[in-house]
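Data block below; observations after.
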Amino acid sequence: MSLRGLFGKLKGEVWMDGSRVLLLRDSAFASRLPMPTDAGLATVEPCDKCGCAFEERIITTGGEGSDPEVWDAAPVAVDGWGCPTCEAVRYPRAMSAETSVRFGAAGEAAVRAKKWREAEWWLTRMAWSWPTYAPAYLDLAQALEERLRAGFDSTPEATRRVERRMMHAYERAMTMAAREHSKLPVAMRVAAHLRAAEAAAHLRDTAAALSALEGLRAVEPLDDASHARAVELECYVQEEWWRFTDASKVLGPHLLLQGRANTPITAGAQRAACTKAVEELEAYYAEHPTHWQPIWTAAMGRAALGDTSTAIATWKRAWQAHPERPEIVREAGLALLSANRADEALVIARDATGRIPKDATLWCNRAVVEVLSGNLDEARRCLGECQRLDPDDPIARVLAKRFASLRAEGPLPRTLAELSKR
């Protein structure tokens, strides 16, 4: 604290950052103060209410001595002027680029320290005091996004309030980027729209996301990576991809995946939730049949629920629609082998190596299916192809040892269980 600030404090005044503060304690009054849209003024005329000369102030609801609830309800921080005898205020006061950089650095430091209100105070002050500067709003929006990710706000109402402030900051960033486009690099304008679209997509605000992406189309030149991300985001929101992610999160811990333990589905509410998630995935896939992930997860979910016959039927449908996806081929074949239906698994395995001949794991899988179907020579040929493509495949090494003990004229294993005992 400066010496002047110390003297001010002794007199009962509030000082911050070397300036006297007009601390607003009425959130209703503060919420009526409009965010400025034009560049700051160097001077102001005397108060038209009482005739007194205005004095420089930081006008704010936050900072030292403030009420956090007032700040959260109406975050105001701007360099301006206050009348010493009445409630009149004027803002913003002109700010230099160097001062803006200092505010931004202080805000970023507070974000790193996870001091969320302090971060918002500095970045709000930067945005309100230099309201035509698009990067100020972008920094503010990203700080609020970090606050949301950190789970700082303890109630749904508080969280929604911060979400609204974040989206408003993104909207102002886009507006000012368009208005001041000749003064900003293209990359900054692109970032404003893409980050706004990503934030809106995360909040599942389809209209806001598509509006941000529409604005992006006016930005030229648009680099290939940004264009690809915009296309991806547009698809995500138009197809409501979060329906897939929500259902997948419910089923995720229960899916039986190689190299990972799963949690069995218990009866009651958990089973009901998992059943509903599978049904949602199946409904989503029916609406968007070009995406393989929903039907893959639905089939895995059916298996986790113990519905073997429906799981296999789902795998066969998935394979028929997406035979080029190794993820589906592998799990469909394993499901059929586990049900002792090697003849059906063989059709899938042979088709897969024809479609995707450079995938070593598919040759390894086919080697297993071939031997269980009684084709030892073909199984050894497939295993050799796997080892040629990937000499370090650990499963292929195990299979090679087991195949060495087999003879074409002797009894061959007919199930996975029998093969595992060899």
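What follows draws every value from the coordinates through simple rules; no lab data is involved. No experiment lies behind these values; they were computed from the predicted model shown. No Cβ is skipped: glycine too gets one built from the backbone with ideal geometry, and neighbour counts run over all protein chains shown.
Structure notes:
- Inter-site label distance for V101 and A39 at 7 Å from Cα along Cβ, in nm: 1.9
- Using a Förster distance of 25 Å, the FRET efficiency for K249-E327 (Cβ separation, nearest 0.05): 0.85
- For the chain, the relative contact order works out to 7 percent when only alpha carbon pairs closer than 8 Å and six or more residues apart are counted.
- Option label - log10 I(q)/I(0) by the Debye sum over Cα atoms at q = 0.08 Å⁻¹ computed here, alternatives [x] -0.66; [y] -0.51; [z] -0.46: [x]
- Peptide packing for 211-220, 360-369 was compared via the average number of neighbouring C-beta atoms within 10 Å per residue; ordered from the highest value, the list is 360-369, 211-220.
- Among Y284, Y137, Y236, the ranking by other beta carbons within 10 Å of each residue's beta carbon, starting with the fewest, stands as Y236, Y284, Y137.
- Neighbour-count ranking [beta-carbon atoms within 10 angstrom, fewest first] of F152, F54, F103: F152, F54, F103
- Point-to-point label distance, E69-D377, nm (Cα→Cβ direction, 7 Å offset): 8.6
- Note on E13 and R397: the model spin-label points, each 7 Å out from Cα along the C-beta direction, lie 7.7 nm apart.
- Partner aspartates and glutamates for K358 [C-alpha distance under 13 Å; skip if fewer than 8 residues away on the same chain]: E324, E385, D390
- Per-residue Cβ neighbour rank within 10 angstrom, fewest leading, S373, S96: S96, S373
- Take the Cβ atoms of R388 and Q258, set R0 to 22 Å, and the FRET efficiency comes out at 0.45.
- A Förster radius of 51 Å combined with the Cβ-Cβ distance from R414 to A94 puts the calculated FRET efficiency at roughly 0.05.
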